[in-house]
1. Taking the conditions exactly as written (among the charged types (D, E, K, R) and touching a Pro at 6+ places or on another chain (Cβ under 7 Å)), does LYS51 satisfy them or not?
2. Take the conditions out of contact with any strand residue (DSSP E or B) (no Cβ under 8 Å at 6 or more places or on another chain) and touching a residue at least 40 places away in the same chain (Cβ under 8 Å) and apply them to SER23. Does it pass?
3. From PHE78, PHE42, which residue is out of contact with any Leu (no Cβ under 7 Å at 6 or more places or on another chain), surrounded by 15 or more Cβ atoms within 10 Å (Cβ to Cβ) and not acidic (Asp, Glu)?
4. Any idea how many residues of the stretch 12-39 are surrounded by 14 or more Cβ atoms within 10 Å (Cβ to Cβ) and over 22 Å from THR70 (Cβ atoms)?
5. Every residue in the stretch 70-106 that is touching a Lys or Arg at 6+ places or on another chain (Cβ under 6 Å) and either free of Cβ contacts under 8 Å to residues at least 24 places away in the same chain or small (Gly, Ala, Ser) (or both), please.
6. Of the numbered conditions (1) touching an Asp or Glu at 6+ places or on another chain (Cβ under 8 Å); (2) modelled with pLDDT of 95 or more; (3) of a type in the set (A, V, I, L, M), ALA77 satisfies every one except a single condition; which is it?
Amino acid sequence: MSWKLFLDDERVPETDDFEVAPSFNEAVKLVKKLGFPAFVAFDFSLKYSEKSGLDFARWLIRRDRLSNGTLMPADFAFVCHSSDPNGKVQIERLMSGYLASKKPKL
């Protein structure tokens, strides 16, 4: 099943084709229930959680690594819509770096 995750405790997605998680724990529950998402829209600061969007990005990567890279869809994509500029850069660098490491070397 291909699905999209919107991780944010304040905003809502512009379309209704997302599963919405307001916290780290809710996002983890959705992934465990629905499988690895094809797309994630990250927020950095999550008021209802001690963990941030960056923690969730790390959790996703760790989960994929433990499966030898088989859980994350080949066409996985993400966006970070956080208003926290430092947090946004951290998530973007982490996810982009991991995705680049998964690409076959020529």
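The values are calculated or read from the model by the stated rules, or taken from the named source; none is laboratory data. Only a predicted model underlies this, so the values are computations on that prediction, with no experimental measurement involved. Heads up, the Cβs are rebuilt from the backbone with ideal geometry, glycines too, and the neighbour counts pull from every protein chain shown.
1. No.
2. no
3. From the options PHE78, PHE42, the qualifying one is PHE78.
4. 9
5. SER82
6. The number of the failed condition is (1).
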